[in-house]
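Engineer: Quick one: structure below, then a few questions.
The values are calculated or read from the model by the stated rules, or taken from the named source; none is laboratory data. The shown structure was predicted, so the numbers you read here are calculated from the model rather than taken from an experiment. Glycine gets a Cβ as well: all are built from the backbone with ideal geometry, and neighbour counts include every protein chain shown. Protein only, heavy atoms only, side chains kept; ligands, DNA and RNA dropped before computing areas. Shrake-Rupley method; radii C 1.70, N 1.55, O 1.52, S 1.80 Å.
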Amino acid sequence: MENFITTLTDGSPDSFSQPFISEDGVPNNRARALGGGTTINVGFYSRAEPLFLEQIGLDEALAKDSYEWIEKKLVNKPVSFEWQTAVRNGLLEAGVLPDNGFTYAHINGTETSGTIFDRNGNRHTAADLLEYANPRRIKVYLHVVVHKITFKTKDGPIPKADGVIFYDANGGKHMAYLKNKLNNDGDIILSAGAIGSPQLLMLSGIGPAAQLLSLGIKVVLDQPMVGREMRDVPLNSLIVPYSNHIQLSLSTTVGIANSGNSYIITFNGFDLSALSVSGPISKGYLELRNTNIGDNPRIRFNYFQAAENLRHCVQGMQTVIDVVNSESLSRFRIGNMTTRDLLEMMVNMPLNLRPKHPNATTSLEQYCMDTVMTVWHYLGGCQIGKVVDRNFKVFGEDRLRVIDASTFTFSPGTNPQATIMMLGRSMGQRILQSRRS
Ligand SMILES: Cc1cc2nc3c(=O)[nH]c(=O)nc-3n(C[C@H](O)[C@H](O)[C@H](O)COP(=O)(O)OP(=O)(O)OC[C@H]3O[C@@H](n4cnc5c(N)ncnc54)[C@H](O)[C@@H]3O)c2cc1C
């Protein structure tokens, strides 16, 4: 738990996390390590709802097989901590029903889901999945940063992706090219995440032409939708100061409430948070600030721009208040602090850089807007149907795919990591199959 917070606040060049503040004024983080977000995240693991698989065109049996492939290596039933159990009981008391027990499924009601931490508290990351690989057939380079995808321009009117330029930790430049032995069958697969993938595509010349030209980037393909429709799941919390000592714990309990539009979670043993999901429908953009791959692009998520997202936040916060007032949780509360006192305490905390309004403790709408934080489930920028096709190939490019959260149009399951890893494995299977046939 301490490591979790220390990593997120460590902005040094060697940190696993690269902090950024979105144009919304909300502090955020992007992962910078082998294994991506799974190396710094909260560990909560839940599968996607069937609608999501339908939307991205994935076969249910293949998805199930891929989830199981991941779960075998990484996922555990969580140890039950006192606070998580109290929240679970509080959710049931507040009417977030039915009690779905322990499950990886994403279903309305209260559940305990999986975690990538084992019983000894050790984190298992996506990098552990390399144990499945044949070491003779894979090379993994550490401490390298890809600066550009390269394109072959001689073979016709449309340039074809043929390699990448990357730099090592000492500043040495390297290139890697696709082998053309298989009749141009190889692929470059970009999995740099919802910020890294649109950023790298644009730096390589695929993106909105005017923006690229303004930074002196040669346009390979004018693709106005790269960097568009960035979304993030907003999070609003109440911290509950308690009188007894409680062991800190990362999130394992969730209440999926209000017809599935708010998820109530607790991170650590003193808070209750509402995630206003339903998409999220509100969407923003990502734009390059400069041509340096190490710098954060300009990102705006436009939290609560859609009235529906704001309504779901209000409903979620109302459920949070009901849970805080439940019998299960009231025994932890210090003396006579009312929920209004708790709201006021949150409004006065430096959670973000947004302006605070005097009515934020009396209007839950204003509270949602003034105290919004992130749950780091950002997505978009290379969306399926807009930047990539249903085989995750970049439109107009035959040998370049993007496979990560940047292709999503809504956040799958309670939390996305399970489905992002599942997508990677499923697409790997599909690509191998198509090469064999
Ligand atoms: C603090 C935090 C808590 C979270 N909690 C949870 C949770 O409990 N449960 C859950 O399901 N999800 C959680 N998430 C979200 C989840 O971890 C992410 O949605 C997921 O990791 C995104 O996967 P991705 O593959 O799209 O991108 P990422 O995981 O971001 O991976 C992208 C990778 O690409 C690398 N990269 C980027 N650009 C370059 C480049 N130019 N050259 C070389 N490498 C590059 C990065 O270093 C990174 O390793 C959390 C995220 C964070 C940050």
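Engineer: Scan region 323-345 for residues that are surrounded by fewer than 19 Cβ atoms within 10 Å (Cβ to Cβ) and of a type outside the set (Ser, Thr, Tyr) and jot them down.
Structural biologist: ASN325, GLU327, ARG331, ARG333, ILE334, GLY335, ASN336, MET337, ARG340, ASP341, GLU344, MET345
Engineer: While we're on this one: Specify which of the listed residues (LYS77, LYS72, LYS64) is without any contact (Cβ under 8 Å) to a residue 60 or more places away in the chain, open to solvent by 40 Å² or more (accessible area, probe 1.4 Å) and farther than 29 Å from THR7 by Cβ.
Structural biologist: Residue meeting the stated conditions: LYS64.
Engineer: Yes or no: region 403-424 includes at least one residue that is of a type in the set (Phe, Trp, Tyr), in contact with a Pro (Cβ under 8 Å, 6 or more places away or on another chain), within 16 Å of the ligand (Cβ to nearest atom) and under 30 Å from GLY25 (Cα atoms).
Structural biologist: There is at least one residue in region 403-424 that is of a type in the set (Phe, Trp, Tyr), in contact with a Pro (Cβ under 8 Å, 6 or more places away or on another chain), within 16 Å of the ligand (Cβ to nearest atom) and under 30 Å from GLY25 (Cα atoms).
Engineer: At least 3 residues that are among the polar types (S, T, N, Q) in each: list the helices (runs of 4 or more DSSP H) lying fully within region 300-417 that qualify.
Structural biologist: Of the helices (runs of 4 or more DSSP H) lying wholly inside region 300-417, those with at least 3 residues that are among the polar types (S, T, N, Q) span 307-324.
Engineer: Let me ask something additional. Go through region 212-242 and give me each residue that's within 30 Å of TYR263 (Cβ to Cβ), buried (at least 16 other Cβ atoms within 10 Å of the Cβ), over 18 Å from the mean Cα position of the chain (by Cα) and of a type outside the set (A, V, I, L, M).
Structural biologist: SER237, TYR242
Let's see how each residue does on (1) touching a helix residue (DSSP H, G or I) at 6+ places or on another chain (Cβ under 8 Å); (2) away from the ligand (no atom under 13 Å from the Cβ):
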position: SER191; (1), (2): yes, no
position: ILE206; (1), (2): no, yes
position: SER214; (1), (2): no, yes
position: VAL226; (1), (2): yes, yes
position: VAL233; (1), (2): no, no
position: ALA257; (1), (2): yes, yes
position: PHE267; (1), (2): no, no
position: SER278; (1), (2): yes, yes
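Engineer: I've got another one for you. Assuming ILE21 fulfils every condition listed in (1) in contact (Cβ under 8 Å) with a residue 24 or more places away in the chain; (2) within 21 Å of VAL145 (Cα to Cα); (3) open to solvent by 30 Å² or more (accessible area, probe 1.4 Å) apart from one, which condition is it?
Structural biologist: Status for ILE21: all satisfied but (2).
Engineer: Just need a number here: residues in region 148-173 that are open to solvent by less than 70 Å² (accessible area, probe 1.4 Å) and either in a strand (DSSP E or B) or more than 24 Å from LEU221 (Cα to Cα) (or both).
Structural biologist: Total satisfying the criteria: 15.
Engineer: Please enumerate the residues belonging to region 380-400 that are open to solvent by 20 Å² or more (accessible area, probe 1.4 Å) and in contact with a Leu (Cβ under 8 Å, 6 or more places away or on another chain).
Structural biologist: Within region 380-400, LYS393, GLY396 meet the criteria.
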